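The values are calculated or read from the model by the stated rules, or taken from the named source; none is laboratory data. Source: prediction; values computed, not measured. Here the Cβ is made from the backbone with ideal geometry for all residues, glycine too, and neighbour counts use every protein chain on show. Each accessible area value is taken on the protein alone, full model and side chains, heavy atoms only, with ligands, DNA and RNA left out. Shrake-Rupley method; radii C 1.70, N 1.55, O 1.52, S 1.80 Å.
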Amino acid sequence: MNNVRPRGTVPVVADENVARLGYAEQVKLAMEQSGYAAEVTVLSAGEGSKAYSTVERLHADWAERRVPRDGVVFAVGGGVVSDVAGFAAATWLRGIRWICCPTTVEAMVDACIGGKTGINLPCGKNLVGAFHQPSAVLVNVDTLRTLPRRDLVAGMAESIKHAAVHDAGLFEWHTAQRSAILQSNPEVLAELVVRNIRVKAEVIGPDERDLTGRRIILNFGHTVGHAIESAVDYRLRHGECVALGMVAAADLSRQLAGLSAGEADRLVRLLAAFELPVRLPEPVAVDRILEHLRQDKKTRDHRLPFVLLEAIGRARVVEHVDEARLGAAIASLT
């Protein structure tokens with residue numbers, strides 16, 4: 001904090017689950033003990049909070065508290081909190097600093113790194129947003145001890161994604177450390193976070209603002225995953241939908257990118273070993289998912305670039321996948 005030195009009241013943003021566990025109050029107390037005034041704003045848990053109404057509420061709070069341009073916002077929680085609080089910070093007074101304190105696996109290994117912030121619209125996920133890097137990321141894996149098992153497991157989808165697109169050694173490590181991860185071994189979880197941050201930094205370093213196309217490989221599984229997430233009205237966790245998206249992408253990778261059937265099966269088996277869904281757990285019309293795919297923010301001239309695997313640890317981008325193939329890959333998830 002010595003390098004940040006916030007002015008005025010420090011907003012601490014958390015959702016109701018994190019607030020109930022006392023993590024937001026711990027941050028508030030730490031700030032007050034350091035001589036700063038701090039106030040906690042509690043959001044509803046879930047994707048519903050990634051909305052204009054939440055940003056408007058945060059901005060109204062900050063106006064009332066006179067949060068200045070050299071102020072700092074703390075986002076304490078999972079990916080929803082970091083996305084919406086980071087976006088609110090990016091758009092308050094044309095951009096103020098923010099600090100991310102992730103409390104979920106998904107946020108620690110993915111959402112807290114890279115500076116992507118944003119909100120959802122009824123027609124699609126993350127359609128409004130900004131690149132706004134946090135001034136700091138503070139990770140404490142002890143917070144994962146209170147994470148429900150379903151959320152712990154869901155977060156592993158992003159870690160497996162990183163391994164699949166960029167680090168075959170990390171893929172093997174997941175297999176070897178599966179039991180320790182699922183038992184929340186703190187040393188192994190710390191290594192998990194460090195290795196994922198390293199992968200993400202290596203990928204986004206040369207392409208921070210997603211301009212050259214390198215960063216797009218981190219969307220593996222997300223194209224179909226985001227469409228499923230929207231189609232089921234967010235009843236499934238983000239990581240669960242990404243896992244399903246990776247299964248569909250593995251199928252397409254066999255057809256279009258030369259991924260062997262054996263390696264596609266290895267990916268599906270690893271997802272299943274981490275208790276992630278590899279088939280849709282509830283009926284969803286393929287056409288409904290395709291409709292949300294058409295709203296994907298990566299679409300250009302009615303063409304949707306797709307991240308596929310040539311091999312475990314090596315990804316490439318196919319400029320377009322026709323809708324018939326996409327529909328068949330999605331249908332295979334039922």
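With contacts taken as Cα pairs under 8 Å at a separation of at least 6 residues, the chain carries a relative contact order of 14 percent. Residue by residue, region 281-294 carries 3J(HN,Hα) couplings of x, 9, x, 9, 5, 4, 4, 5, 5, 4, 4, 6, 4, 5 Hz when phi is fed to the Karplus relation 6.51 cos²θ - 1.76 cosθ + 1.60 (θ = phi - 60°); x denotes Gly or Pro.
Only one residue of L189, F171, L147 has its Cα farthest out toward the positive end of the dipole of region 124-228, where Lys and Arg carry +1 and Asp and Glu -1 on Cβ, and that residue is L147.
Matching the structure-derived P(r) over Cα pairs in 20 Å bins from 0, in percent against the labelled list (i) 31, 56, 13, 0; (ii) 33, 57, 10, 0; (iii) 28, 61, 11 gives the label (ii). The Cβ shell under 12 Å around C112 holds other residues with a net charge of -2, Lys and Arg each +1, Asp and Glu each -1.
Against the empirical 2.2 N^0.38 Å scaling, what ratio does the C-alpha Rg of region 146-193 come to?
That ratio works out to 1.08.
Only the Cβ atoms of Lys and Arg (+1) and of Asp and Glu (-1) were treated as charged; on that basis the dipole of region 77-220 about its Cα centre amounts to roughly 280 debye. For the chain, the Cβ-based charge dipole about the Cα centre amounts to some 500 debye (Lys, Arg positive; Asp, Glu negative; other atoms uncharged). Helix 186-204 and the longest principal axis of the C-alpha atoms of the chain enclose an angle of approximately 80°.
Whole angstrom only: what separates the Cα centroid of region 157-174 from the Cα centroid of region 104-134? Taking the Cα centre of each part, region 157-174 and region 104-134 sit 21 Å apart. Between helix 149-166 and the chain there is an angle of about 60 degrees, using the helix long axis and the longest principal axis of the Cα atoms. With the charge dipole of the chain set up from +1 on Lys and Arg Cβ and -1 on Asp and Glu Cβ about the Cα centre, the Cα lying farthest toward the positive end among the listed residues Y36, N17, V318 is that of Y36.
Using a probe of 1.4 angstrom and keeping all protein chains present, the accessible surface of region 73-221 works out to 36 square angstrom per residue. To the nearest 0.05, what FRET efficiency results for A30 and A324 with a Förster distance of 41 Å applied to their C-beta separation? Efficiency for this residue pair is about 0.15.
When the Cα atoms of region 195-288 are aligned to their principal axes, the ranges along those axes come out at 41, 32, 26 Å in descending order. Its alpha carbons give region 58-115 an Rg and a Dmax of 11.4, 34 Å. Using a cutoff of 8 angstrom between alpha carbon atoms and counting only pairs six or more residues apart, the relative contact order for region 22-155 works out to 21 percent.
Counting only alpha carbon atoms, the long axis of helix 23-33 and the longest principal axis of the chain meet at about 30°.
Straightening the chain between R316 and L290 buys 7.1 nm, computed as 0.36 nm per residue apart minus the Cα-Cα spacing.
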